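*Asks:* Sharing a structure below in structure tokens format, with a few things to ask.
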Amino acid sequence: MRKEVVVNVKDMLMRIVLKWRSIIVCAIVGMLLLDGVGIYKSHKEVKAAKEMQKIAQKGGKISYDDVTASLNEAEKKDAECRFNAYKIYLNKYKSYVDYSNKSILMNLDPNKVYQHKFVYKVSQPQEKNDVETTLKSFLSDNDIYESFVKDYKFEDSKEYVSELVRVGDKTSKMSKNDKVEVNVANDNSKVIQITVTASNDKQVEDLAKIVEDKIENNANLIKSQNDGVTLTKVTDRLIKTSDNEILEQQSNVALKMDKINTSIVNNLNNLDELSREYYKAMVKNLSLDEKDNLVYIDTTDGTISTGNTKNKKVEVEVPSLQLVNKKLVVLGAALGIFLSLIVLALRYLLDKTLKNETEVRDSFGISVLGVVSVNDKKVSKLDQKIMGLFGRKVLPQQEVLKNINHKCVALTKAKCLSSIIFINDNENVKMQEIISKNLFKDVEVKFMNSNEFIEEVATSKNPLNVVVTEEVSKTSYVDIDEQLELFEQLGVNVIGSIVLE
């Protein structure tokens, strides 16, 4: 080709939009296909729900044969391994739930607690750490709080009462409100703080009395085990405050429970569909076989929820078959339109035939005298509006032919031509009906096809002037290039072209 073919983006967009009927068909096909997928998934869900309903009606027991028939040994093994992991998670979760329910500390409001703080001065600072260890040892013994447990009916929480007593907290600056005022300059190397916490002042005072008595009763033990060290109480006060340490501990336990739940869900989701049903069956049968008032396992997704649900009978609701999924319909339409646009654009770009009249002018340097419609199909009003939006006006055929004739006559006069030949290879188009010979005064007008023109060139002694016809979607770039190359070698003068569309 004389030049690289220039792609007219505007023309490409116009011709893609003119294929709106095909685009709509593709959108409908996409809608139907994706909605069909939705119907299939909905059918499977309904079927699975009906099966679960049958199981629930039988008391909730699931036959493993029903869910392992299609599994191979590797898939069974995978599901069983994950179920064993689930039981480990379950035991951890139960222990946290048990702790959360029974621990007095876990049920305190961290924003409003009562604390009784003791600060003891150590006679030998170098023994402070050992003394702290000794204090922690006997104050962490839950048996010493037996009277406190009995008075406040904390029998279920007796193994966690010692959590209310903390040894070794950072000391705070003493105030005038302290019951005992001894100036120790807040030297942390010499003092040990003990904090007793409870939900009200009566409880905290009773618990503090037990702690103080226990320290006094064990003074000799502390002295004998720590090289004769003695403890002197320097601060004794009751406060109402908030406690970030309690809040942090409660948050940590809640976070660990959430992580276990997440691990259980991930454990289930990592199985394929058939293995997942086997896993759920084992989980469900476990929840029914073990009489547990504390934890209920939800077999729909494998998560755990706290509560006092005991061997709850599962009620299965069968969903209705969803024939139209709006989300899938919209997605299918969008996908159909997108794919059709991609295909139409590729077809346009890969097509090596003439696509529009501007290519004749821009790529091959031939003047376009006019565009003649040879398509019997009537252009719809919508198509005309689309073409108008892209700057392409649809003129009446008579006006188009009139303009072509006037241009041809004007060119012959301007170039002082004595003859002009119109070359056309389309048998369905008669150039005699397009060109009016009587308009060309003193100019010889001939109509030929390519073969006839070659014969004319062979016999003619004078230079020939031609107007060529090129047909959109039929004349290839190679044909135009070869034609122009031949005309150049023969010394033929190309006046312009008429494009058939």
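*Asks:* Please count how many residues of segment 466-492 are in contact (Cβ under 8 Å) with a residue 40 or more places away in the chain, closer than 16 Å to F422 by Cβ and in contact with a helix residue (DSSP H, G or I) (Cβ under 8 Å, 6 or more places away or on another chain). Let's see the steps before the verdict.
*Replies:* First, pick out the residues of segment 466-492 that are in contact (Cβ under 8 Å) with a residue 40 or more places away in the chain: 466-478, 480-481, 484.
Next cut, closer than 16 Å to F422 by Cβ only: 466-471, 475.
Narrowing the set further to residues that are in contact with a helix residue (DSSP H, G or I) (Cβ under 8 Å, 6 or more places away or on another chain) leaves 466-470.
Adding up the residues that qualify gives 5.
*Asks:* Name, by its number, the condition in (1) under 40 Å from the mean Cα position of the chain (by Cα); (2) within 22 Å of N217 (Cβ to Cβ); (3) not acidic (D, E) that does not hold for F118.
*Replies:* It is condition (1) that F118 fails.
*Asks:* Consider S363 carefully, then state whether it is open to solvent by 70 Å² or more (accessible area, probe 1.4 Å), within 24 Å of Q489 (Cα to Cα) and among the hydroxyl-bearing types (S, T, Y). Full working, then the answer.
*Replies:* Working: open to solvent by 70 Å² or more (accessible area, probe 1.4 Å): no; within 24 Å of Q489 (Cα to Cα): yes; among the hydroxyl-bearing types (S, T, Y): yes.
Against the criterion (open to solvent by 70 Å² or more (accessible area, probe 1.4 Å), within 24 Å of Q489 (Cα to Cα) and among the hydroxyl-bearing types (S, T, Y)), S363 does not qualify.
*Asks:* Do we have F422 as open to solvent by less than 80 Å² (accessible area, probe 1.4 Å), touching a residue at least 60 places away in the same chain (Cβ under 8 Å) and of a type in the set (F, W, Y) here? Spell out the reasoning first.
*Replies:* Values: open to solvent by less than 80 Å² (accessible area, probe 1.4 Å): yes; touching a residue at least 60 places away in the same chain (Cβ under 8 Å): yes; of a type in the set (F, W, Y): yes.
Yes.
*Asks:* Can you give me the number of residues within segment 100-129 that are under 30 Å from G228 (Cβ atoms) and outside any strand (DSSP E or B)?
*Replies:* 7
*Asks:* Assuming G388 fulfils every condition listed in (1) open to solvent by 50 Å² or more (accessible area, probe 1.4 Å); (2) free of Cβ contacts under 8 Å to residues at least 60 places away in the same chain apart from one, which condition is it?
*Replies:* (1)
*Asks:* Related question: Return the total of residues in segment 211-236 being free of Cβ contacts under 8 Å to residues at least 60 places away in the same chain and open to solvent by less than 60 Å² (accessible area, probe 1.4 Å). Outline the logic, then answer.
*Replies:* Kept after step one, since they are free of Cβ contacts under 8 Å to residues at least 60 places away in the same chain, are these residues of segment 211-236: 213, 216-217, 219-220, 223-224.
If we keep only those that are open to solvent by less than 60 Å² (accessible area, probe 1.4 Å) too, we end up with 213, 219.
Qualifying residue count for the region: 2.
*Asks:* Are any residues in segment 237-253 farther than 20 Å from V211 by Cα and either open to solvent by 50 Å² or more (accessible area, probe 1.4 Å) or free of Cβ contacts under 8 Å to residues at least 40 places away in the same chain (or both), and if so, which ones?
*Replies:* Of everything in segment 237-253, those that are farther than 20 Å from V211 by Cα and either open to solvent by 50 Å² or more (accessible area, probe 1.4 Å) or free of Cβ contacts under 8 Å to residues at least 40 places away in the same chain (or both) turn out to be S242, N244, E245, L247, E248, Q249, S251, N252.
The values are calculated or read from the model by the stated rules, or taken from the named source; none is laboratory data. Remember, predicted model here, so these are calculated numbers, not experimental data. With ideal geometry, Cβ positions are generated from the backbone for all residues, glycine too; neighbour counts draw on all protein chains shown. Each accessible area value is taken on the protein alone, full model and side chains, heavy atoms only, with ligands, DNA and RNA left out. Shrake-Rupley method; radii C 1.70, N 1.55, O 1.52, S 1.80 Å.
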